Amino acid sequence: MRGGKVEMKALVVAAGIVFWTLVLGVAWLALFPGGDTGEPVAILQIEPGPGAGEGAPSSEGAAEAPESGAGALPSEAPSNTAAPEAPAAAESGDNVAMPPGFAVAPGAAPQAPVMQPPAPGQVMPQGEVGTPGTPETPNTGASDGRQGAADTGERTASTASAESADTQQVAAVAPPPPPLETPTVEPGAGPLPAVPVDELVEESQYGPLPKIASDGRRPIDVYARPSKYAAKNPGDPARVAILVSGLGLPDSPPGDVLKGLPPSVSVAYGAYGRSLQDWVNRARADGHEVLLQIPLEPDDYPKIDPGPHTLLTTLPPEENLKRLQWLMSRYTGYVGITNQMGSKFEATQEAMTPVLEEVKARGLLYIDDGSVHGSTAGQIASTIGLDYSVATVEIDANASAADMAKQLAKLEEVAKEKGAAIGVVKAKPAIAKQLAEWAAKLQSKGLVLVPVSAAVRSQSQS
């Protein structure tokens, strides 16, 4: 009887223990449904990659990663077969285990996990992958047909390359801007660079002389006013050039005679004036390229004497070259030479040839002002390969406005016929205003005003 009571008490105690255990367990689950943090767990939805199985990974599989390879994943199972047991997932750069089924499809960018926003009352637990709206990009391995981190980098580079190529292709097919109207005077009326350029200077007993630089640059190339019309292209307008001469001489007009002159007009200074380099610098600062005007023997010399350093047919070539070098040393920054008088000297080939050879050897051009009938300069220049041209129209600065207009009209006709033409006019008061008014009407006539050097170069390409 006593033993039966003991057994009854033990049964009651066991039943009580079971009862209270169930009660406490239910209470625990009711109070803490999300785990030991007391917070519900956010839902992480993973979109499976191509060929990935549908099975959910076990907690042990997600915690363990293979030691061999770069976090390799197993081969994909065929789509018509059941998914194998969930393999271990690769770890990301932050040691976060990535579930199986996360893959990179061939030819596509990596698929990032889709973060489903938490339901009302749910928050993201600490230590999970990223935060809502900012999922981390996984770092997958590469094995058995799957692309890994290296392959992903290559695809990213190739994608960027393709986008760059597409951008370049769009830029290449962009419609060209509408053609610009032909300017009356070329744009860019700014100053020309300061002179001299050291590489183009040879020091002599007379002073600085022009020379060709060791790299082949010539004064005609460096000191010329740039012009896109120096090269001859189909469809270009006819070119007209004006050379204003007679500056830098004892009877020259004041230096402000050039005020208002279009920058594309070239100017020529002699060798006998004062402060010649200053005047040349001012002219270049206004955009004008400069030529040196040298005195040559006229028919009625010495009755008409151009100056003490005039080149004469009665002198030996060596003496004429000495005089030429003295004339060349008076200032720097000129693109070429033009004549002052010279009806007798230019007609004498024996006297003219050494002079033009020296001009060519120093990288200069030569402009014949057109005043000498029977000049041999053109024939010699053609033989030695000198940059050369002759003025086709001499414009009389002392003529009436009507007569000057006729002379300029003749220059225009020659330019349209031959593609380019050069006119020469002596510097006189008001000449700048008259030339500026004339130049303003060239565009409507299909002409463009260019520097003398541009006209010479375009003519040499004819």
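Could you tell me which of the pairs Lys259/Lys445; Lys228/Lys410; Lys259/Lys441; Lys211/Lys410; Lys211/Lys428; Lys228/Lys445 are separated by over 28 angstrom between their Cα atoms in the structure shown?
On the way: Lys259/Lys445 25 Å; Lys228/Lys410 25 Å; Lys259/Lys441 19 Å; Lys211/Lys410 37 Å; Lys211/Lys428 32 Å; Lys228/Lys445 19 Å.
In this structure, Lys211/Lys410; Lys211/Lys428 lie more than 28 Å apart at Cα.
Ignoring ligands, DNA and RNA, what accessible area per residue does the stretch 275-325 give at 1.4 Å, in Å²? List each step's numbers first, then the result.
Working: 2300 Å² over 51 residues.
Here the per-residue accessible area is 45 Å².
Which far-off residues, 5 or more places away or on another chain, put their amide H under 5 Å from the one on Gln340, with H placed in the peptide plane?
Result for Gln340 returns Ile294, Leu296.
Per 5 Å bin, what percent of the C-alpha pairs of the stretch 325-462 does each bin hold, from zero upward?
For the stretch 325-462, the binned pair fractions read 2, 9, 18, 21, 20, 15, 10, 5, 1, 0 percent.
At 1.4 Å probe size, with the rest of the protein present, what percent of the exposed accessible area of the stretch 237-380 is carbon and sulfur atoms?
Working: 2580 of 5190 Å².
Ligands and nucleic acids excluded, carbon and sulfur reach 50 percent.
Give me the 1.4 Å probe accessible area per residue for the stretch 368-437, excluding ligands and nucleic acids, in Å². Could the numbers behind the result be given before it?
On the way: 3430 Å² over 70 residues.
Per residue, the stretch 368-437 has 49 Å² of solvent-accessible surface.
Work out from phi, with θ = phi - 60° and the Karplus expression 6.51 cos²θ - 1.76 cosθ + 1.60, the ³J(HN,Hα) of each residue of the stretch 404-410, listed in order in whole Hz, and give x for Gly and Pro.
Each residue's phi maps through the Karplus curve to give 5, 4, 5, 5, 5, 5, 5 Hz.
Using mean Cβ contacts within 10 Å as the protection proxy, how do 338-345, 378-385, 443-450 order, highest first? Each step should come with its number before you reach the end.
Working: 338-345: 23.6, 378-385: 14.4, 443-450: 19.5.
So the order, starting with the most tightly packed, is 338-345, 443-450, 378-385.
Summing +1 for each Lys or Arg and -1 for each Asp or Glu, what net charge is found among the other residues whose Cβ lies under 14 Å from the Cβ of His373? Write out the running numbers ahead of the final one.
Values: positive: Lys344; negative: Asp299, Glu346, Asp368, Asp369, Glu394.
Neighbour charge sum, excluding His373 itself: -4.
Can you compute the equivalent ellipsoid semi-axes for the stretch 184-276, i.e. the square root of 5 times each eigenvalue of the Cα gyration tensor, sorted largest first and rounded to whole Å? Please report the intermediate quantities before stating the final value.
Numbers: eigenvalues 132, 99, 24 Å².
So the equivalent ellipsoid measures 26, 22, 11 Å along its semi-axes.
For the stretch 348-398, what's the radius of gyration and Dmax over Cα atoms, in angstrom?
11.7, 37
What residues have an amide H closer than 5 Å to that of Ala420, excluding those fewer than 5 places away on the same chain, when H is modeled at 1.01 Å from N in the peptide plane?
Under 5 Å from the amide H of Ala420 lie the amide H atoms of Arg239, each far enough along the sequence or on another chain.
The values are calculated or read from the model by the stated rules, or taken from the named source; none is laboratory data. None of these values were measured; they are calculated from a predicted model. Glycine also receives a Cβ, built like all others from the backbone with ideal geometry; neighbour counts cover every protein chain displayed. In case anyone asks, the SASA skips ligands and DNA or RNA and just uses the protein heavy atoms, side chains included. Shrake-Rupley method; radii C 1.70, N 1.55, O 1.52, S 1.80 Å.
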